[in-house]
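Written below as structure tokens is the structure these notes are about.
The values are calculated or read from the model by the stated rules, or taken from the named source; none is laboratory data. Only a predicted model underlies this, so the values are computations on that prediction, with no experimental measurement involved. Glycine also receives a Cβ, built like all others from the backbone with ideal geometry; neighbour counts cover every protein chain displayed. These accessible areas exclude ligands, DNA and RNA; they are computed on the full protein's heavy atoms, side chains included. Shrake-Rupley method; radii C 1.70, N 1.55, O 1.52, S 1.80 Å.
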Amino acid sequence: MEKVRIGMIGCGGNAGGHLRRLMEMEEVEVVGLADVSEESFRRLFERLAGAEGIPRFTDYKEMLDSVEMDAVEISTPHTLHFEQIMEGLDRGLHVLTEKPMVCTVDHARQVIERSEEVDRILMVSYQRHFAPQFRFIRNQILGGEMGEVQFISALQDQNWYRSQQGRWRQVHALSGGGQLNDSGSHLLDVVLWMTDQRPAEVSAFMAYFDGEVDVNSALSIRFADGALANLSVVGNCVGPGIWEDITIWGSRGVFYLRNDRLICKYGGQDPVEVGPLPSRFSGPDRNFVDAILGRDEVQVPAICGLRVIQLTEAAWTSARKGGQPVRVAE
């Protein structure tokens, strides 16, 4: 295969970043763009010179019928992912989808099963798997340097409630859930991936304010091996940007990650700041193409999407039951 032919399903928001990265790769040819919104096309073409020459469609199935391709990238509202992933796999295409992979555990199991049946890549665009500070922590934990993981505290805040009012992310039929299923999905994924922990039980409380989806979420988690965690997703923070604090206590040391600043404390030694770490060397789009070409392993397999929705779905159930502990599906 000299060129990987890729079609884009969804052209709004972060799809522009995906398309720009693909257009910069010599071994990639973007052969089609699909979106229901002419406004999305207009904004995309304003941002990316040359994109206006790519064939465009208002129906993604028409694109799949009309253009030969090897793979698709999906950047659409969350509840549309399942149908679009299945359609791509059914046509023998490799699939990279934006987070969350899907919005129910049942759908996650179905797309994984189908990808295995047709022997095609199904990958989730969790870019933190490629960021040096998260990779460093994961490697230290899996290598045994920090001993056994005992406790995790993770906080994320964002001005999501105000900035997304009137948009699809706060419409349950399109988003499948609120901030926990949106930016919070990144937090859940990276905590589970770095620590390699399997949640066994969660107790959750959520605040919806005057909307139909969760805005603030408080999760208390017990993992299968006995470790504990408190995860906080705050969607009504005032001000721009995202702030994150992640602390991981092990039997031999602690990681303190404050946004991009990483401090480690090993044994009885004083805390030490780690860095500067190498810059990001890859990303989901690059890894997706390299995996198709057989040059790399998939760094964010579909199992990561399954684990996130298993915990998310159990947290939603617990919140509906007033915080009662709920078993997390295996």
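Some observations on this one:
- Filter pass, residue 201 being surrounded by fewer than 22 Cβ atoms within 10 Å (Cβ to Cβ) and either over 20 Å from residue 233 (Cβ atoms) or of a type in the set (A, V, I, L, M, F, W, C) (or both): no
- Candidate set from region 1-15 (those that are crowded, with 18+ Cβ neighbours inside 10 Å and touching a strand residue (DSSP E or B) at 6+ places or on another chain (Cβ under 7 Å)); member that is farthest from residue 121 (Cα to Cα): 11
- Among the residues of region 83-102, those identified as part of a helix (DSSP H, G or I) and open to solvent by less than 30 Å² (accessible area, probe 1.4 Å) are 84, 85, 88, 89.
- Output for region 138-180, where each listed residue is touching a Leu at 6+ places or on another chain (Cβ under 6 Å) and outside any strand (DSSP E or B): 168
- When 36, 31 are checked against the criterion of being out of contact with any helix residue (DSSP H, G or I) (no Cβ under 7 Å at 6 or more places or on another chain), part of a strand (DSSP E or B) and of a type in the set (Val, Ile, Thr), a single residue qualifies: 31.
- Pick from region 16-61, criterion open to solvent by less than 70 Å² (accessible area, probe 1.4 Å) and touching a residue at least 60 places away in the same chain (Cβ under 8 Å), ranking: farthest from residue 89 (Cα to Cα): 25
- If you check 80, 64 for being modelled with pLDDT of 95 or more and either buried (at least 21 other Cβ atoms within 10 Å of the Cβ) or assigned to a loop (DSSP other than H, G, I, E, B) (or both), only one passes: 64.
- Of the residues contained in region 134-146, one or more are found to be under 21 Å from residue 232 (Cα atoms) and open to solvent by less than 10 Å² (accessible area, probe 1.4 Å).
- Checking each residue in region 212-226 for being under 18 Å from residue 183 (Cβ atoms) and open to solvent by less than 40 Å² (accessible area, probe 1.4 Å) picks out 213, 214, 215, 216, 217, 219.
- None of 263, 242 is within 24 Å of residue 135 (Cβ to Cβ) and without any contact (Cβ under 8 Å) to a residue 24 or more places away in the chain except 263.
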